[in-house]
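Let me begin by presenting the structure, written as structure tokens, before commenting on it.
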Amino acid sequence: MAGEIDEAIERADRESFTRQPPKTLKGQIGYLIRQLGSAKAVAREIGVTADSVNRYRRGARKHARPDVAAKIDDAVRARWQPQVRKRRQQQAATTTGITVETRARFGYTAPVGTTDDGRFRRLTVHLPPAYAQRLFDARTTGASDQQMRQIIAEGLKEIYFQDGGTRATGLTDVEITDIDYLDLDY
């Protein structure tokens with residue numbers, strides 16, 4: 001199962017589409033056949049027979065089972081406008097950065113005499129391009145959700161909690177737990 005960070009990146013990617021993917025079953029199957037090369041390859045991808053794929057393509061079957069329809073939709077969205085996604089991610093990693101909006105419990109290690117009790121916070125913070133690059137690289141290499149959370153936590157520590165080094169200089173580790181929601185924009 002995909003982690004929360006991975007799902008947030010997927011949502012941000014979908015928001016970058018310049019055109020919407022095909023909505024009809026026939027259109028989606030046609031697109032997948034063009035992408036994968038054959039009905040047999042599409043059938044393997046979505047877990048049905050090649051005959052079923054051909055029936056969807058011809059319009060002999062107008063509706064797929066809900067679980068199959070979800071697989072078809074996911075397969076189309078995963079392949080839709082890869083150049084647009086790549087361009088947006090490259091731009092975020094080199095110039096614009098990434099905006100993190102979340103409501104989660106933040107805990108941290110702080111110097112003696114200060115409170116380091118975790119508490120829920122709602123934050124919207126713009127992280128510099130270096131953090132976007134680290135996040136995309138981690139996702140590409142198959143990093144766990146926890147590792148990607150740590151990258152975001154480091155960015156929030158630097159930008160939000162330490163304000164670029166002007167305050168909370170003794171703060172060492174920030175941890176994100178109990179994520180209520182997390183959204184990314186780039």
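With the condition kept exactly as written, say whether any residue in segment 117-130 is at pLDDT below 90 and either open to solvent by less than 60 Å² (accessible area, probe 1.4 Å) or touching a Phe, Trp or Tyr at 6+ places or on another chain (Cβ under 6 Å) (or both).
There is at least one residue in segment 117-130 that is at pLDDT below 90 and either open to solvent by less than 60 Å² (accessible area, probe 1.4 Å) or touching a Phe, Trp or Tyr at 6+ places or on another chain (Cβ under 6 Å) (or both).
I'd like the residue in segment 141-156 that is of a type outside the set (A, V, I, L, M, F, W, C) and not in a helix (DSSP H, G or I) and, out of all such residues, is most open to solvent (accessible area, probe 1.4 Å).
Thr141
Report, ordered by the first and then the second residue, all pairs with beta carbons closer than 6 Å, sequence separation of six or more or different chains, a first member in segment 24-49 that is closer than 19 Å to Lys62 by Cα, and a second member that is among the charged types (D, E, K, R) and open to solvent by 40 Å² or more (accessible area, probe 1.4 Å).
Note: pairs meeting the criteria are Ile29/Arg57; Ile46/Lys71.
Checking the condition at pLDDT below 90 and more than 24 Å from Ile179 (Cα to Cα), which residue from Lys71, Lys86 passes?
Within the list Lys71, Lys86, the selection yields Lys86.
Output the number of residues of segment 54-99 satisfying the condition of being surrounded by 18 or more Cβ atoms within 10 Å (Cβ to Cβ), under 18 Å from the mean Cα position of the chain (by Cα) and over 30 Å from Pro128 (Cβ atoms).
Going through segment 54-99 one residue at a time, the tally reaches 2.
Can you tell me how many residues in segment 1-38 are open to solvent by less than 20 Å² (accessible area, probe 1.4 Å) and touching a Leu at 6+ places or on another chain (Cβ under 9 Å)?
Total satisfying the criteria: 4.
Return the only residue of Gly142, Gly165 being over 18 Å from Ala12 (Cβ atoms), out of contact with any strand residue (DSSP E or B) (no Cβ under 9 Å at 6 or more places or on another chain), among the small types (Gly, Ala, Ser) and modelled with pLDDT of 90 or more. Reasoning before the result, please.
Working: Gly165 fails: modelled with pLDDT of 90 or more.
Result of the check over Gly142, Gly165: Gly142.
The values are calculated or read from the model by the stated rules, or taken from the named source; none is laboratory data. Note that the structure is a prediction, hence the values are computed from the model and not measured. Cβ: placed from backbone, ideal geometry, glycine included. Neighbour counts: every protein chain shown. Accessible surface areas use protein heavy atoms only, side chains included; no ligands, DNA or RNA. Shrake-Rupley method; radii C 1.70, N 1.55, O 1.52, S 1.80 Å.
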